[in-house]
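Enquirer: What follows is a structure written as structure tokens; I'll ask about it next.
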Amino acid sequence: MDKEYKLGSIVIMKKQHPCGTNEWKIIRIGADIKIKCLKCGRSIMLPRIEFNKKLKKVSQLEGEI
């Protein structure tokens, strides 16, 4: 249940981005998942299977405060 996510969710990945943060926002969901770094704004696309392996936890679901 901890790894349920949807569009707009804030997620924490296992490895840090080179800019120094590991918090990302999900901006597209499909066969691939597109995430955007919350610190530097860089976005990347990962296959869903790879994303699920690298996901540590969902910090905030979309709509939660």
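Enquirer: Any residue at all in segment 54-61 that is in a helix (DSSP H, G or I) and without any contact (Cβ under 8 Å) to a residue 60 or more places away in the chain?
Expert: yes
Enquirer: Restricting attention to segment 10-32, which residues are over 8 Å from the mean Cα position of the chain (by Cα) and of a type in the set (A, V, I, L, M)?
Expert: Selection gives ILE27, ILE29, ALA31.
Enquirer: Of all residues in segment 9-53, count the ones that are in a loop (DSSP other than H, G, I, E, B) and either among the basic types (Lys, Arg) or surrounded by 14 or more Cβ atoms within 10 Å (Cβ to Cβ) (or both).
Expert: The qualifying residues number 9.
Enquirer: Separate question: List every residue pair whose Cβ atoms lie under 9 Å apart, where the two residues are 6 or more positions apart in sequence or sit on different chains, the first residue falls within segment 1-24 and is at positive phi, and the second residue, located anywhere, is buried (at least 16 other Cβ atoms within 10 Å of the Cβ).
Expert: Listed by first residue and then by second, the contacts come to GLY8/LYS25; GLY8/ILE26.
Values quoted throughout were computed directly from the atomic coordinates according to the rules given, and no laboratory measurement underlies them. Here the structure is a predicted model, which is why all the values come from computation and not from measurement. Quick reminder, even Gly has a Cβ in these numbers, built from the backbone with ideal geometry, and neighbours come from all protein chains shown.
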